[in-house]
Each structure stands twice: as C-alpha cells, then as structure tokens.
Amino acid sequence: MSTHDSKQTQRTVKLGSTGPEVFPLGLGCMGMSGMYGATDDAESIRTIQTAIDRGVTLIDTGDFYGMGHNEMLVGKAIAGRREKVQLSVKFGALRGPDGSWGGMDTRPAAVKNFVAYSLKRLGVDVIDIYRPARLDPNVPIEDTIGAIAELVKAGYVRHIGLSEVGVETIRRAHRVHPIVDLQIEYSLASRGPEAEIFPALAELGISATLYGVFSRGLLTGSKPKGQGDYRAYLPRFTGSNREKNEDVVGELQRFARERNMSPGQLAVSWVLARQPTLVPVVGAKTVAQLEDSLGALSRTLSKEDLSALDSIVAISGERYGAEQMKHLDSERHSHP
C-alpha cells in the first residue's frame, strides 16, 4: 500500500456536530443474517474482524435482523475488540417466529425493552448510536427520542440517530436531543435525499450514514437468488424495470472498467465524491466484497466522471414496493 493510500484510509469523518469520529466507510451487517440469500457465520465474523483490522470503526446492525441473529453474530465478532468500534443499532421493527413483519413499536417502554436485549446479545455495556428503524405512526417522535435520551443519561447509549425519516421529523427529534446522523438510502440509483433532506441535515449539524450504496446489488450486476432473496420482490429487480436496468448496469460496468475500477468501487467512489462529509455503509458479506469496497477509498472520480455518470444512470422502478414506500416518512416531501 502506498503512503498515499494509507493516509487516505486513515482519515476520519465526524458524525454530526456532537457525534464520534468514524472511518469514512461503515460496515452494514444486515446481509449476514439471510436477508439476501444464504450466508456463512464464520465468513461473516471474518469479514467484521477484517473490517476492524483495516480501520473500519462503524458497525451497523438491527435487533430485528435475523430476529437477534445479527446482533449475536456482531457480538461474537467484536469480543475483545469493543474499544475499536462504534456500534450503530436500529430497533423497533416487530417480527414473528416465521420471519413475518408486524409493524413498528417505539413506545418509551418498548425502547427500554429493546435496548436491554440488544446490550445482552451484543455483549456490551453501551451502544454508541441507537436509532428507531422507521417512524412509528402511533408514537410522537418526541416520546421515542425522549426515551432514548433517558438511556443516554443512564449510560446505556452514547448518541442518538434516526433512520428513513423526513425533514419535519428530523427537526422535531433534534429539538428533544442532538441527533448525530440520519441513516438513509443513497446511491447512483437513489438520489432523493439531495433535494430537501441533505440541506436540512447540513443546516442542523447532523450527518448521514448512507446505506443501499449498491442499490442492493443492482449496480454491481448481482441478481436475486431464489425465493428466500428479498430482492425478488423489489420493483427494480422485476418485470420491464429489470430489463431496462440491466442495460444501465452494463453501461456502468463498462464505465468502471475504463477507469480500472470494479462496479462496486465505482458505486462507493460516486457516493464519496458526491457527499464527502457523509459516510457510506457497505453491506459486505465476505472478506472479498469488503476488500473491494475499501479499494474505493484510493480511487477518486473527477467532476467530468460525475457528470458523465449523471447522463448514464436512469434507473427504473422505486426502491421498495408501493406499500412500503407509503410508510416511509423520508419519502414524504414537505412541498407539494
């Protein structure tokens, strides 16, 4: 590794005006608990530990990923390395024993219950950033944030984050307690937050952790693998959208090849170039995928590259099905 590369990968980004310093890429662990087809726990643990060895500090999980499986996996992987990582945990989504989804519960009593189980599964005394996974339509955001603020006072949580909420909710939450970051989907294929959400975050001194950087593998040419793969039901991977998107992905692969990058590196580099103060969270399931993403830190895109990509990328289809889109607070615009 050249000195240029090592300097590049050692810089950190601050999460909001009150949050921790983190490595410029985070590791998202959801895919390690079967959301996108088969996984291997040993390889997942190796991937998390390699990430930590390579300087990655932000590890993102959710208590409902694999109904607790993901937290237990992360707990095993970070044992003995706790002081090197910041744990970002999402909570509030309800699951059934058959894996079904049962909505959201972010009542204050539920928040305290969820955090107690997360601390135990992760094998830690404190969670670095705790966040509701979605807005609970039945609970004012002030009540939820107030409950997490009590956990901050009591020493069980260090910082408060949000996930997939819109500008109005962000403002209301931030009035109760400083928010360090919003977790939201952002990629070459999903640029919605640029219009209203990113400007509001900048104004309030809140950062963002950006997931879905590969648009669930769409941008790297990955395809759903059987019925257990959640992507088989997403609009961008089905019907006529799929065919149109495959053409765009072919163009992207050619663009990446010409610049001696993998499609994954192109996707990550684009996010880093467009939003240099924000943190992409990559969902690597294997050491090879992780190493590929880390390679993006030493490959930068020029202004010309960025405008060329603007003209290539027109992805067809919404990021979720209609029912889920309807429930996303982040998709509600403050202007008609």
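The values are calculated or read from the model by the stated rules, or taken from the named source; none is laboratory data. The structure presented is a predicted model; accordingly, all values stated were derived computationally and were not measured. Every residue, glycine among them, receives a Cβ derived from its backbone with ideal geometry; neighbour counts consider all protein chains shown. These area figures cover heavy atoms from the full protein model, side chains too; ligands, DNA and RNA do not enter into them. Shrake-Rupley method; radii C 1.70, N 1.55, O 1.52, S 1.80 Å.
For the stretch 103-145, enumerate the residues that are open to solvent by 60 Å² or more (accessible area, probe 1.4 Å), assigned to a helix (DSSP H, G or I) and small (Gly, Ala, Ser).
Ala109
What are the residues in the stretch 269-283 that are surrounded by 20 or more Cβ atoms within 10 Å (Cβ to Cβ) and part of a loop (DSSP other than H, G, I, E, B), if any?
Across the stretch 269-283, the qualifying residues are Leu278, Gly283.
Only one of Ile148, Ile160 is without any contact (Cβ under 8 Å) to a residue 40 or more places away in the chain, open to solvent by less than 20 Å² (accessible area, probe 1.4 Å), in contact with a His (Cβ under 9 Å, 6 or more places away or on another chain) and assigned to a strand (DSSP E or B). Can you tell me which?
The match here is Ile160.
Taking into account only those residues within the stretch 284-304 that are surrounded by fewer than 16 Cβ atoms within 10 Å (Cβ to Cβ) and of a type outside the set (A, V, I, L, M, F, W, C), which is farthest from Gly26 (Cα to Cα)?
The qualifying residue farthest from Gly26 (Cα to Cα) is Glu304.
Gln253 passes all but one of (1) in contact with a Pro (Cβ under 6 Å, 6 or more places away or on another chain); (2) assigned to a loop (DSSP other than H, G, I, E, B); which number fails?
So Gln253 meets the others, but not (2).
Only one residue in Glu185, Glu196 is open to solvent by 40 Å² or more (accessible area, probe 1.4 Å) and acidic (Asp, Glu), so which one is that?
Selected residue: Glu196, the only one of Glu185, Glu196 that is open to solvent by 40 Å² or more (accessible area, probe 1.4 Å) and acidic (Asp, Glu).
Residues are listed down the side, and each one gets a yes or a no for (1) open to solvent by 30 Å² or more (accessible area, probe 1.4 Å); (2) modelled with pLDDT of 95 or more; (3) under 30 Å from Ala42 (Cα atoms); (4) acidic (Asp, Glu):
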{"site": "Asp229", "(1), (2), (3), (4)": "no, no, yes, yes"}
{"site": "Arg236", "(1), (2), (3), (4)": "no, no, no, no"}
{"site": "Asn241", "(1), (2), (3), (4)": "yes, no, no, no"}
{"site": "Asn245", "(1), (2), (3), (4)": "no, no, no, no"}
{"site": "Arg254", "(1), (2), (3), (4)": "yes, no, no, no"}
{"site": "Ala267", "(1), (2), (3), (4)": "no, no, yes, no"}
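Out of the stretch 179-213, which residues are modelled with pLDDT under 95, over 11 Å from the mean Cα position of the chain (by Cα) and in a loop (DSSP other than H, G, I, E, B)?
Within the stretch 179-213, Leu188, Ala189, Arg191, Ala195 meet the criteria.
Could you grab me the full set of residues in the stretch 48-97 that are in contact with a Ser or Thr (Cβ under 7 Å, 6 or more places away or on another chain), crowded, with 23+ Cβ neighbours inside 10 Å, farther than 13 Å from Asp128 by Cα and not charged (D, E, K, R)?
Within the stretch 48-97, Tyr65, Asn70, Leu73, Val74, Phe91, Gly92 qualify.
On the basis of being touching a residue at least 60 places away in the same chain (Cβ under 8 Å) and among the aromatic types (Phe, Trp, Tyr), does Phe64 make the cut?
For Phe64, the condition - touching a residue at least 60 places away in the same chain (Cβ under 8 Å) and among the aromatic types (Phe, Trp, Tyr) - is met.
For the stretch 129-137, indicate whether the set of residues that are among the β-branched types (Val, Ile, Thr), under 19 Å from Asp60 (Cα atoms) and in contact with a helix residue (DSSP H, G or I) (Cβ under 6 Å, 6 or more places away or on another chain) is non-empty.
Applying the first criterion (among the β-branched types (Val, Ile, Thr)) to the stretch 129-137 yields 129.
From the residues that got through so far, the ones that are under 19 Å from Asp60 (Cα atoms) too are 129.
Retained after the next criterion (residues that are in contact with a helix residue (DSSP H, G or I) (Cβ under 6 Å, 6 or more places away or on another chain)): none.
Taking every residue of the stretch 129-137 in turn, none turns out to be among the β-branched types (Val, Ile, Thr), under 19 Å from Asp60 (Cα atoms) and in contact with a helix residue (DSSP H, G or I) (Cβ under 6 Å, 6 or more places away or on another chain).
Would you be able to tell me the number of residues in the stretch 256-282 that are within 13 Å of Arg299 (Cα to Cα), without any contact (Cβ under 8 Å) to a residue 12 or more places away in the chain and in contact with a strand residue (DSSP E or B) (Cβ under 9 Å, 6 or more places away or on another chain)?
Residues meeting the conditions: 0.
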